[in-house]
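Just so it is clear, none of the values below were taken in a lab; they were calculated from the coordinates. Treat the numbers as computed from the prediction; the structure is a model and nothing was measured. Backbone-built Cβ (ideal geometry, glycine too); neighbour counts: all protein chains shown.
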Amino acid sequence: MSDRRGFLGLRGGRAADEADEPDVWRVIQLARHQDRPYPLDYIERLMPEFEEIHGDRLFSDDPALVAGIGRYHDRPVAVIGHQKGRDTRERTARNFGMAGPEGYRKAMRLMDLADKLDMDLVTLIDTPGAYPGASAEERGQGGAIARSMQRMLRLTVPSVAVVIGEGSSGGALGIGVADRVVMLENTTYSVISPEGGAAILWRDAARSRDAAAAFRPTAASCYRWGIVDAVVPEPPEGAHHDYDEAARLLDGYLERTLRELRRQPPDQRRRLRRERFRRIGAYRGAPTEDGSAPAVGSGDGRSPGGE
């Protein structure tokens, strides 16, 4: 059962209609803003006791993906997140938040530990996509992402995925298959970046604005279509203007949601998680009496047209 009580859309506590949505390209620029808080910024404010783990026990460590155990509201919690880096040197070292197969294998190490020790799992998504280089493919990039998604589906512990910046492609889905998926107000979540979509549709990456306007990867659209369960508001000018307030707003949703999820029996939680993702993008039932096509969406009556 999705959590749609509060934090529902944009400001004012309701799901926005398409006409109410902010400019799509502006949201994309805010999601990519170089000063937005990254996972380690939220961890510092919400989980001061945090121990990071390193390495995939097979090839190497991947700095693009941070993983570790922290203490959150007096409970141990496993945390995984994409870390882009602040300056050119750090961004290069962290590969701009584009994880390779080592990163997803490291994430699975932590998922297994969370399941074994009965720790809640929180993932913080902010990536333009998984690293697309030949070296990553040679080391099993696609398989690592697929196994990470499968591992999340099989978890018995509560899990929440939070899109804190841009969530694009399989790089985001690799740590996004959770009981609850939530987006911050000025973030994006999509199967591909606007530039990538434009390159495929029109063979011209310069038409990224047209692609963004077509598939609207904003938090408001994703909520209206049932792809995410809630939208957490940000400080008035965006999360990059006030890290402390952004963390406080996220904390209010996260603590309540994990508490509610812990009340569910593990088997029920896993079943509902699987059903949640099977509903996304599926046609609902037979055509209506007037012959029109059934709605497409998450099963709650929201269609990509916002009807």
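For Tyr243, Tyr104, Tyr38, what's the fewest-to-most ordering of other Cβ within 10 Å of each Cβ?
Starting with the residue having the fewest Cβ neighbours, the order is Tyr243, Tyr38, Tyr104.
Gain in length, Gln150 to Glu49, computed as 0.36 nm per residue apart minus the alpha-carbon separation, to one decimal in nm?
33.5 nm
Dividing the alpha-carbon Rg of region 18-297 by 2.2 N^0.38 Å yields what?
The reported ratio for this selection is 0.98.
Once phi is turned into ³J(HN,Hα) by the Karplus curve 6.51 cos²θ - 1.76 cosθ + 1.60 with θ = phi - 60°, what whole-Hz value does each residue of region 243-256 show in order, with x for glycine and proline?
After applying 6.51 cos²θ - 1.76 cosθ + 1.60, I find 4, 5, 5, 4, 5, 5, 5, 5, 4, x, 6, 5, 5, 5 Hz.
Where does each of 200-207, 218-225 land if you order them by average Cβ count within 10 Å, highest first?
With the highest mean Cβ count within 10 Å placed first, the list reads 218-225, 200-207.
Under a 5 Å amide H to amide H cut-off, with H placed in plane at 1.01 Å, what residues pair with Leu124 once short-range neighbours are removed?
For Leu124, whose amide H was placed from the backbone, the distant partners under 5 Å are Ile80, Gly81, His82, Val162.
Taking the Cβ-Cβ separation of Ala93 and His241 as r and a Förster radius of 25 Å, what is the calculated FRET efficiency to the nearest 0.05?
0.40
Please rank Ile145, Ile175, Ile53, fewest neighbouring Cβ atoms within 10 Å first, as an exposure proxy.
Ile53, Ile145, Ile175
Over its Cα atoms, what ratio of radius of gyration to 2.2 N^0.38 Å does region 156-269 give?
Normalised Rg, Cα atoms only: 1.19.
Report the extension gain between Asp210 and Arg256 in nm, rounded to one decimal, defined as 0.36 nm multiplied by the number of residues separating them, less their alpha carbon distance.
12.7 nm
Just to check I understand the Karplus step: with θ = phi - 60° and J = 6.51 cos²θ - 1.76 cosθ + 1.60, what whole-Hz values come out for region 89-105, glycine and proline as x?
In residue order, the calculated couplings are 5, 5, 4, 5, 5, 8, 6, 6, x, 9, 6, x, x, 4, x, 6, 5 Hz.
Pairs of Cα atoms under 8 Å, at least six residues apart: use those to get the relative contact order of region 18-297, whole percent.
Contact order relative to length: 17 percent.
Could you go through region 183-199 in sequence order and give the Karplus-derived ³J(HN,Hα) for each residue, using 6.51 cos²θ - 1.76 cosθ + 1.60 with θ = phi - 60°, rounded to whole Hz, and x for Gly and Pro?
Karplus values, whole Hz, x for Gly and Pro: 10, 6, 4, 9, 10, 10, 8, 7, 6, 7, 6, x, 5, x, x, 5, 5.
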